[in-house]
Amino acid sequence: MAIIFHEKSRQFHLYNTDISYIIEVMDNGQLGNLYYGKRIHEREDYSYLHEEVYCPHEVFCQEAPSLLGLSRMKQEYPGNGVGDYRIGAFLIEQENGSRVSDFQYVSHEIYAGKRPLQNLPAVYTEKDEEAVSLDICLRDAVTDTELILTYTIFEQYPAIIRSARFTQTGEGEIVLQSAMSASVDLRDRDYEMLQLSGAWARERSIVRRKLCQGLQSVFSNRGISSAEQNPFVALVRPTTDENHGEVYGFSFVYSGSFLAQAEVCAYDTTRVTMGIHPDNFAWPLSQGESFQTPEVVMVYSDRGFNYMSQAYQELYAKRLARGMWRDQERPILLNNWEATYMDFDEEKILKIAATAKEAGVELFVLDDGWFGTRDDDWQGLGDWYVNRRKLPNGISGLSKAVEDMGMRFGIWIEPEMVNKNSDLYRAHPDWVISTPDRFESPARQQHVLDYSRPEVVDHIYKMLSEVIEDSCISYIKWDMNRYLSECYSRVAGARDQGTVMHKYILGVYRLYERLIAKFPEILFESCASGGARFDPGMLYYAPQAWCSDDTDVCERVKIQYGTSLVYPIRSIGAHVSAVPNHQNKRTTPLLTRGNVAFYGAFGYELDLNKLSAEEMKMVKEQIVFYKKYRKLIQQGKFYRILNPFEGNEASWISVSEDAKEAVAMYFQRLNTVNGGFLRILLTGLSEDTFYEVQYLDRTLQLYGNELMNAGIPVERKLLDKLGGDFTSLLFVIKAVEA
Ligand code: DGJ
């Protein structure tokens with residue numbers, strides 16, 4: 001791994017064993033991109049990659065005989081108004097109304113490790129030797145604005161991390177109308193764009209579409225990253241699959257509105273940009289003020305999606321997530337939401353908790369409904385003190401009772417929200433995000449608190465701290481159940497209204513940071529109506545996230561499969577719930593519900609007292625199994641095998657670092673009569689290792705290359721015996737003496 005600056009050619013080469021990324025200072029002082037992809041040989045001068053052609057229609061940015069016209073050049077962080085007509089990476093409005101910029105290279109700094117981003121989530125190093133970073137300083141002479149583009153390359157991951165920082169050094173004020181975190185020009189257009197799209201209860205479906213000339217984009221303008229589009233896109237070759245082919249991944253470490261675009265230009269290059277969505281964004285900068293963009297993590301793989309996902313999963317699990325839970329096995333929890341909804345009292349909860357303990361559960365989580373007058377979703381949000389009618393001994397008494405049973409205890413909160421029927425709203429109606437003289441649109445009967453205001457964050461921090469200090473709380477599920485609308489802060493002036501949406505997210509981050517600092521032992525799980533804020537920004541504060549409100553196993557197979565494209569298995573909150581399923585009424589076997597939920601931060605979301613003795617026996621067996629293989633599943637290398645978006649089956653495998661142990665899962669959606677032979681070709685094992693494979697009451701002994709190339713037969717009669725539809729098999733694989 002290195003970042004080299006070649007003085008003579010004025011080129012930067014960032015590389016590690018997998019990737020090369022090459023930047024040049026062009027003749028006009030702006031930055032061009034020469035290459036991004038598989039590692040190439042290091043050399044003094046890559047000018048042969050600089051592509052310039054003469055075309056009479058070109059707008060040239062220098063006098064003749066230069067050919068430099070920006071509309072065909074591959075650039076690094078393109079501006080506006082100087083002859084590049086593709087999408088810009090930023091837009092600055094000057095006091096005189098001009099929107100033209102021209103940032104030219106001034107200097108650079110190469111340094112070991114990676115510096116944190118102020119007030120923003122960011123990938124980090126633990127030791128300087130893990131990564132090397134580059135800050136390139138540019139300046140627009142007319143506005144006297146400084147721009148620093150930051151790049152980090154890790155030794156161990158095929159990843160480049162980018163962000164940008166604007167500082168107004170001149171006397172005039174500028175307004176940043178848009179500031180993307182990264183822009184990359186790729187040399188051809190033969191890609192499909194892969195995105196993780198969906199909606200509430202069907203988050204992160206894998207969608208691929210062929211690029212064509214023009215713009216294709218995904219975005220959220222909802223104030224949070226959203227269930228509709230995840231802040232991730234990949235450009236992939238049409239033939240790329242899980243284990244073969246090129247992938248360029250772009251993942252945004254941010255939890256607010258975002259925009260990711262791919263533009264194919266008339267000359268067959270592709271430009272990708274990613275950053276904060278420019279709608280509802282306008283950031284004024286006066287002399288001495290700066291704006292730091294969040295960061296984009298770009299991963300390149302020439303070995304298909306699995307290699308890309310493993311890079312993201314490991315980087316995010318080990319160098320984005322933080323705190324004492326980062327490397328620990330995550331506790332098996334039971335959450336009472338689908339067991340009781342808001343209809344509970346202490347006696348009911350303790351009964352559920354006692355049976356959970358008997359089954360082997362390690363953490364009991366009390367969901368929505370424990371505070372204020374929260375008997376339904378019309379009231380109570382904002383009043384973070386216990387409802388004594390339901391819980392006469394308080395959270396304090398209940399948490400101690402659960403701890404005395406031998407389990408940890410956790411609670412649900414939704415600190416960014418308020419119901420109009422609450423003491424908080426009655427005391428502070430102006431704390432709600434809303435625009436003067438306009439309707440305040442409700443969603444789930446609730447409104448969003450203005451977290452751009454420090455006093456609002458301080459107040460909630462104080463209320464929550466009191467609850468936590470008074471009780472034995474080991475876990476917090478932090479929910480967020482509506483999107484922002486009528487975005488406006490009652491205390492900001494007209495000039496600053498365009499900063500509110502971003503400042504809202506900074507306020508959320510600030511509250512997380514303060515709670516984490518004060519209560520470092522608490523495990524946070526983020527949530528937003530299920531998985532509407534499952535993004536890398538959140539992982540920096542909460543190392544796990546509730547994946548979806550849809551707990552039906554058929555849907556979960558897809559949601560978990562899509563989520564695993566970017567996010568660590570240990571971060572994916574996955575629970576077994578009751579049947580018929582509460583969301584889609586489907587009835588599926590308990591065995592399968594467990595087998596799928598194992599691949600995540602595993603838990604239950606039902607009242608175990610309502611199960612038959614036979615089902616309870618199976619729950620106990622599931623918990624014993626998970627405790628035995630939890631480390632391998634949560635921390636092993638994860639490979640997707642069969643894609644449920646493409647067919648009737650799904651399959652995946654977690655393999656230990658030394659490839660001596662693995663647990664694979666096979667799922668069939670609907671049964672087939674008189675079907676052909678089924679076989680799964682495993683992945684990630686060691687070719688010449690001899691393995692024993694156990695599933696149900698069967699044992700097979702085969703070499704790794706047999707399991708991966710000839711595959712394991714999946715006998716249809718076994719699937720029939722298990723019930724046919726929605727059945728699954730778990731294969732435990734261990735290296736043995738030949
Ligand atoms: C939405 C979450 O996704 C659910 O798990 C549950 O916590 C409810 N909110 C509670 O209101």
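Nothing in this text is a laboratory measurement; each read-out follows from the coordinates by a stated rule. Note that the structure is predicted; figures quoted are calculated from it, not measured. Methodologically, a virtual Cβ is constructed for each residue, glycine included, from the backbone with ideal geometry; neighbour enumeration extends over all protein chains shown.
Descriptive notes on the structure:
- Cα gyration tensor, region 246-381 - rounded (a/c under 1.5), prolate or oblate: prolate
- Each 10 Å bin from 0 upward holds the following percent of the Cα-Cα pairs of region 143-291: 11, 34, 35, 16, 4, 0.
- Pairwise Cα distances in region 350-481 exceed 21 Å in 43 percent of cases.
- Per-residue Cβ neighbour counts within 10 Å put Tyr666, Tyr254 in the sequence Tyr666, Tyr254, beginning with the fewest.
- Percent of C-alpha pairs per 10 Å bin, region 649-697, short to long: 20, 48, 25, 8
- Semi-axes of the equivalent ellipsoid for region 413-517, Cα gyration tensor, largest first, Å: 24, 16, 12
- Spread over its residues, the convex hull of the C-alpha atoms of region 591-678 is 135 Å³ per residue.
- Dimensions in Å of region 322-375 - Rg and Dmax from alpha carbons: 13.2, 38
- 18 Å Cα-Cα threshold exceeded, pairs from Lys318/Lys631; Lys357/Lys631; Lys114/Lys318; Lys348/Lys585: Lys357/Lys631; Lys348/Lys585
- Scattering from region 443-580 was approximated by placing one identical point on each alpha carbon and applying the Debye formula without solvent; log10 I(q)/I(0) at 0.12, 0.13, 0.14 1/Å stands at -0.57, -0.66, -0.76.
- P(r) histogram, all alpha-carbon pairs of region 279-331 included - 5 Å bins from 0, percent: 4, 14, 15, 14, 12, 12, 13, 10, 6, 2
- Relative to the dominant Cα principal axis of the chain, helix 394-405 is inclined by about 60°.
- Entry note: region 115-212 has Rg to Rh equal to 1.06, where both radii use alpha-carbon atoms and Rh is the Kirkwood radius.
- Rounded tilt (10° steps) of 500-518 against the dominant C-alpha axis of the chain: 50 degrees
- Cα long-axis angle, helix 553-563 against the chain (0 to 90 degrees, to the nearest 10): 30 degrees
- Cα-based convex hull volume of region 517-619 per residue, rounded to whole Å³: 109 Å³
- q = 0.21, 0.24, 0.27 Å⁻¹, region 205-268: log10 I(q)/I(0) [Debye, one scatterer per Cα]: -0.95, -1.10, -1.21
- Alpha-carbon Rg/Rh ratio, for region 171-252, with Rh computed the Kirkwood way: 1.05
- With Cα atoms as the point set, region 586-634 shows a radius of gyration and Dmax of 10.9, 31 Å.
- Quotient of the Cα radius of gyration of region 524-565 and 2.2 N^0.38 Å, N being its number of residues: 1.12.
- Dimensions in Å of region 398-457 - Rg and Dmax from alpha carbons: 16.4, 54
- As a rough footprinting exposure proxy, the listed residues Cys487, Cys527 were ranked by other beta carbons within 10 Å of their own, and the order from fewest upward is Cys487, Cys527.
- Taking all pairs of distinct alpha-carbon atoms in region 369-413, Kirkwood radius in angstrom: 11.1 Å
- For the Cα trace of region 561-603, dividing Rg by the Kirkwood Rh returns an Rg/Rh value of 1.02.
- Here region 1-100 is described by how far its Cα atoms reach on the three principal axes: 47, 31, 22 Å, from widest to narrowest.
- When only alpha carbons are used to place a centre, region 250-285 and region 599-676 end up 37 Å from one another.
- Mean Cβ count within 10 Å, highest first, over the residues of peptides 199-212, 103-116: 199-212, 103-116
- More than 28 angstrom apart: percent of Cα pairs within region 31-166: 28 percent
- The chain, Cα convex hull volume normalised per residue, Å³: 164 Å³
- Once you reduce region 496-511 and region 142-210 to the center of their Cα atoms, the two points are 19 Å from each other.
- Distance between region 686-730 and region 4-28 - C-alpha centres, whole angstrom: 49 Å
- The value given for region 104-164 is a Kirkwood hydrodynamic radius of 12.5 Å, derived from the mean inverse Cα-Cα separation.
- Size check on region 621-738: the Cα extents along the three principal axes, sorted descending, read 39, 31, 29 Å.
- Look at Lys631, Lys74 and count the other Cβ atoms within 10 Å of each Cβ; fewest to most, that gives Lys631, Lys74.
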